[in-house]
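Have a look at the structure below, then the notes.
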Amino acid sequence: MKPPRHSAPLGTAFVDTLIVKEMEQAITKIVEVYLKSARGKDALGDKQFQKLVKCQLGNIMTGTESNEAIKEMRQGLDANQDKNISFTEYMTLVGYLANALSQQRTIGQETAPAEEQEAAP
Ligand SMILES: [Ca+2]
């Protein structure tokens with residue numbers, strides 16, 4: 001009798017499929033949020049951008065309660081200075097936030113095993 005040789009490769013493929021689906025869902029959601037916020041237009045105006053940041057990014061970003069801070073953020077993202085946030089400019093924000101989250105988690109892992117301690121002298 002032959003041993004079941006398929007179990008390991010199938011298992012790996014299954015895990016890969018799960019990861020792809022999670023990424024597909026995440027990317028789809030990022031696009032959906034933008035399209036819903038833009039309400040059929042090809043870019044986000046000031047009000048749409050304010051609403052998107054307040055409703056969707058309040059837990060991941062600081063300063064989202066301040067209209068002025070969000071306006072400054074929009075100005076920083078608005079690469080072509082047309083006062084609207086295009087999908088590409090929106091993706092700059094998504095990339096920035098993903099990078100910040102990744103760094104935060106990496107730092108968290110580095111410091112997690114250590115006991116809580118005061119700042120080094
Ligand atoms: Ca723009």
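Things to note:
- Charge tally around Val33: other residues with Cβ under 13 Å, Lys/Arg +1 each, Asp/Glu -1 each, net +4.
- Applying a DSSP loop filter and a limit of 13 other Cβ atoms within 10 Å to the GluC sites (Glu not before Pro) in region 53-101 leaves Glu65.
- Whole-Hz couplings from phi, Karplus 6.51/-1.76/1.60, listed for region 88-104; x for Gly and Pro: 4, 5, 4, 5, 4, 5, 4, x, 4, 5, 4, 5, 4, 5, 4, 5, 4
- Taking other residues whose beta carbon is less than 11 angstrom from the beta carbon of Lys54, and scoring Lys, Arg as +1 and Asp, Glu as -1, yields +1.
- Region 30-108 - convex hull of alpha carbons, volume per residue in Å³: 90 Å³
- This ranking places Ser86, Ser66 by how few other beta-carbon atoms lie within 10 Å of each, fewest first, which gives Ser66, Ser86.
- Unsatisfied cross-links (Cα-Cα over 27 Å) in the set Lys29/Lys54; Lys21/Lys71; Lys21/Lys47: Lys21/Lys71; Lys21/Lys47
- On full extension, the segment bounded by Leu18 and Asn59 gains 12.1 nm, given 0.36 nm per residue less the C-alpha separation.
- For Leu44, nonlocal amide neighbours, meaning residues 5 or more places apart or on other chains whose placed amide H falls under 5 Å from its own, are Ile85, Ser86.
- Once the Cβ-Cβ distance of Arg105 and Asp42 is raised to the sixth power relative to R0 = 41 Å, the FRET efficiency obtained is 0.75.
- Between the residues Ala79, Gln48, Leu101, the greatest Cα displacement towards the positive end of the dipole of region 30-108, with unit charges on the Cβ of Lys, Arg, Asp and Glu, is found for Gln48.
Values quoted throughout were computed directly from the atomic coordinates according to the rules given, and no laboratory measurement underlies them. All values derive from a computational prediction rather than experimental measurement. Cβ coordinates were reconstructed from backbone atoms using ideal geometry, including for glycine residues, and neighbour counts include every protein chain displayed.
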